[in-house]
Amino acid sequence: MPLPNRSTNYATSAAQSGHLRPATSPSSSRQGGRYTSLTQILDCPSSSATFECAVIFQAEILNRKFPLRGILATFLLLLTLLTATAATQTHRATLSEAILSDDATKQIELVNQLIEAGGDAFVVQALGAWRQGGVFLHETNETRTPFLLDAQTDGEGRAKGIRVADGAPLTDSSGKPLLFAATDLTAADTSSKLRKAIKTVLDLFAIANPDPKMRRDAVVKLGQDQNQEYLQHFEVRLKTETNVDVLKGLYEAMELTRIASDDASVRLAAIQKLSDLRSISSLNFLQELEKNARADTGKYGEETLKAAHSAVIQIQDYMKLGNLFGTAFRGLSLAAVLLVAALGLAITFGLMGVINMAHGEIIMVGAYMAYVTQNFFKSWFGASGIGFDSYFIAALVVSFFVASGVGLILERGVIRFLYKRPLESLLATWGVSLLLQQLFRHIFGAANVQVSSPSWLSGSLVVSDVLFAYNRIFVIGFAVLIVFGTYLLLTRTSLGLQIRAVMQNRAMASCVGVRTDRVNMLTFAFGSGLAGMAGACLSQIGNVGPSLGQNYIVDCFMIVVLGGVGNLVGTVSASIGVGVTDQILQPWLGAVMGKITVLAAIILFLQWRPAGLFVTRSRSLEG
């Protein structure tokens, strides 16, 4: 039944105590400080005000004659709030009883009962304070009250005392809060066993965290402690856990704890299960166990030594296989980046024979356009949400057209005057690259800029402990799409026919009516646009700064020459070869020596096959 009078009194008292704020929107404001918003109820702290808020909301629903479903939902909400409040008060009362108890054994038992209180931040704070000597006792008329000191202090260094039992401040007879100085107080006693029990409870709080990733990390950490006391808590959590990753972590943590058991049968079974799970996190512990068993066979037994050695071998083989797939994926992702970056250069270099040293800076233009687009979307949609997450698709389009415009200006303003003068074109484009670097350094600063990945490109796909980053998967797919689109352009369009004609015989193409200057202009703009999109992709996997292009220009030219000038299939093949080889050599030789080795191998290959992997057939080459 409705409780209008009682709800009004609750609302008034709650507003006076500062637990609630009045509804301010026109649709929810009422006279007399009444509170009608569900958000306000959810904002109530987990104290006595929770019941007041629930009663207010229930009364308002009944007064407004909500449908039966609304009443039932309200009843369930009220029941949940009452249950949560009762559990909170029980946990705090248990903690208060533990602090006041003079029996050390009983204190530990009561502390262990608080394992399910991880959702109450005050209990977590109070336990941590008690362990570090931050809980005190206030004695009045033979009554002892455990309390904490508030974080805020006055000018004299005094702070309010907060009761552990209910979180309310300690007051004198007039209701005025009592102030205490930490230096004048004596902390509640704790023993080493009690502090250890408190630490265990605090550690176990994390395995009930609502975030599965936090639960998984907590379970892994606790398992590495190999504390036998954690086993029963792992088993309890195992019955209610539903997340697959956390379940795997629980199994590994349990078996990792059991390999430290003195029972040989338990130890052997745990070793075998860790081997079956291919638990990479347990490898160091198994290696240490193998070392100890080899040094003291009498203590551990021959069977433990053999089992540990077999488990180490199986896990190491599993890691080698994972590293193989990981290296292949990293090689393919690097090949995709190099392919997108070099594809435009391969077309323009093959068509015009111009050594464009500013190609790297055009890549840089695309990366900075991704940064500008990101900031534009952030100003309109904020730093998160669907609006912001869509910025990268727009950034690819913007990068293509802006980079195409820069390439068009470069071709019309500089390169078209230097087609038959390769050395002058090299020097001129190198000068343009320096100019672009200084221009962007002046506009955006010398430091790298931050380009955030949208949510759908953040994180990794984990398959058999191998990480496949979403942004690199996207780059690989994008490179495939770009190659397919370029192939269609070259083989299925009039512009592509003209490009291939000019590449094979410029003079003959001009004689039959092909406007070679126009083809040069459009091709250079298209190649520059591809470089711009490569820069946008690079912004998701690397740093964006004025020197970005210098890191890729040499690799781009190596790929173009190795694959065969102007050959699409050769460019793809060279990109995969250079990318995978580089990733294979880097772990063994280091990043610098790996690149030097790849460069030396390419030079030796070109001595044997100067035209590259795939030769572009033309009359000039045949002649």
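The values are calculated or read from the model by the stated rules, or taken from the named source; none is laboratory data. Computed from a prediction, not measured in an experiment: that's the story for all the values here. Virtual Cβ from ideal backbone geometry, glycine too; neighbours counted across all protein chains shown. These accessible areas exclude ligands, DNA and RNA; they are computed on the full protein's heavy atoms, side chains included. Shrake-Rupley method; radii C 1.70, N 1.55, O 1.52, S 1.80 Å.
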Point to revise | the range 584-608, subset at pLDDT below 85 and of a type outside the set (A, V, I, L, M, F, W, C), residue surrounded by the most Cβ atoms within 10 Å (Cβ to Cβ) | key: Gln586
Exercise for review: Could you tell me whether Met508 is in the same structural domain as Ile347 (by TED's automatic domain parsing), under 48 Å from the mean Cα position of the chain (by Cα) and not small (Gly, Ala, Ser)?
Suggested key: no
Point to revise | Meets criteria (in contact with a strand residue (DSSP E or B) (Cβ under 8 Å, 6 or more places away or on another chain) and either under 23 Å from Glu109 (Cα atoms) or outside the structural domain of Ala129 (by TED's automatic domain parsing) (or both)) for Ala197 | key: no
Review point. Which of the residues spanning the range 511-539 are part of a helix (DSSP H, G or I) and under 28 Å from the mean Cα position of the chain (by Cα)?
Key: Ala531, Gly532, Met533, Ala534, Gly535, Ala536, Cys537, Leu538
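Need at least 3 residues that are among the polar types (S, T, N, Q) and more than 30 Å from Phe234 (Cβ to Cβ) per element, so show me which strands (runs of 3 or more DSSP E) inside the range 130-218 make the cut, counting only ones lying wholly within it. Explain how you work it out, then say what you get.
On the way: elements: 136-140, 143-153, 158-163, 179-181.
Of the strands (runs of 3 or more DSSP E) lying wholly inside the range 130-218, those with at least 3 residues that are among the polar types (S, T, N, Q) and more than 30 Å from Phe234 (Cβ to Cβ) span 143-153.
Name the residue, out of Ser618, Ser547, that is of a type in the set (Ser, Thr, Tyr) and either at pLDDT 85 or above or open to solvent by 60 Å² or more (accessible area, probe 1.4 Å) (or both). Spell out the reasoning first.
Details: Ser618 fails: either at pLDDT 85 or above or open to solvent by 60 Å² or more (accessible area, probe 1.4 Å) (or both).
Of the residues listed, the single one that is of a type in the set (Ser, Thr, Tyr) and either at pLDDT 85 or above or open to solvent by 60 Å² or more (accessible area, probe 1.4 Å) (or both) is Ser547.
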Exercise for review: Sort out which residues of the range 306-342 are in contact (Cβ under 8 Å) with a residue 40 or more places away in the chain, of a type outside the set (Gly, Ala, Ser) and under 30 Å from Phe484 (Cβ atoms), and write them in order of number.
Suggested key: Phe325, Thr327, Phe329, Arg330, Leu332, Leu334, Val337, Leu338, Leu339, Val340
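Of the residues that make up the range 235-243, is at least one in a helix (DSSP H, G or I), in contact with a Leu (Cβ under 9 Å, 6 or more places away or on another chain), open to solvent by less than 30 Å² (accessible area, probe 1.4 Å) and closer than 28 Å to Thr105 by Cβ? So that I can check it myself, show each step before the final result.
Looking only at the range 235-243, we keep the residues that are in a helix (DSSP H, G or I), and these are 235-240.
Those left that are additionally in contact with a Leu (Cβ under 9 Å, 6 or more places away or on another chain): 235, 237-238.
Narrowing the set further to residues that are open to solvent by less than 30 Å² (accessible area, probe 1.4 Å) leaves none.
No: the range 235-243 contains no residue that is in a helix (DSSP H, G or I), in contact with a Leu (Cβ under 9 Å, 6 or more places away or on another chain), open to solvent by less than 30 Å² (accessible area, probe 1.4 Å) and closer than 28 Å to Thr105 by Cβ.
Can you spot a residue in the range 454-468 that is closer than 21 Å to Gly532 by Cα, in contact with a helix residue (DSSP H, G or I) (Cβ under 9 Å, 6 or more places away or on another chain) and either of a type in the set (Phe, Trp, Tyr) or outside any helix (DSSP H, G or I) (or both)? Steps first, please.
Of all residues in the range 454-468, those closer than 21 Å to Gly532 by Cα come to 454, 457.
Those still in the list that are in contact with a helix residue (DSSP H, G or I) (Cβ under 9 Å, 6 or more places away or on another chain) too: 454, 457.
Keeping just the survivors that are either of a type in the set (Phe, Trp, Tyr) or outside any helix (DSSP H, G or I) (or both) gives 454.
Yes: one or more hits.
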Review point. Take the residues of the range 207-235 that are among the aliphatic types (A, V, I, L, M) and more than 20 Å from the chain's Cα centre (by Cα): which is modelled with the lowest pLDDT?
Key: Ala208
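Could you say whether any residue in the range 280-299 is within 21 Å of Val219 (Cβ to Cβ), among the polar types (S, T, N, Q) and buried (at least 17 other Cβ atoms within 10 Å of the Cβ)? So that I can check it myself, show each step before the final result.
Let us first name the residues in the range 280-299 that are within 21 Å of Val219 (Cβ to Cβ), namely 280-286, 288-289.
If we keep only those that are among the polar types (S, T, N, Q) as well, we get 281-282, 284.
Cutting the leftovers down to buried (at least 17 other Cβ atoms within 10 Å of the Cβ) gives us 281-282.
Looking through the range 280-299, at least one residue is within 21 Å of Val219 (Cβ to Cβ), among the polar types (S, T, N, Q) and buried (at least 17 other Cβ atoms within 10 Å of the Cβ).
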Practice item. Please list, ordered by first then second residue, the pairs with beta carbon atoms under 8 Å, 6 or more apart or interchain, first in the range 406-431 and on the phi > 0 side of the Ramachandran plot, second among the charged types (D, E, K, R) and open to solvent by 30 Å² or more (accessible area, probe 1.4 Å). Key: none
Point to revise | Some residue of the range 415-435 being open to solvent by less than 80 Å² (accessible area, probe 1.4 Å), out of contact with any helix residue (DSSP H, G or I) (no Cβ under 9 Å at 6 or more places or on another chain) and either not in a helix (DSSP H, G or I) or not assigned by TED's automatic domain parsing to the domain that holds Gly513 (or both) | key: no
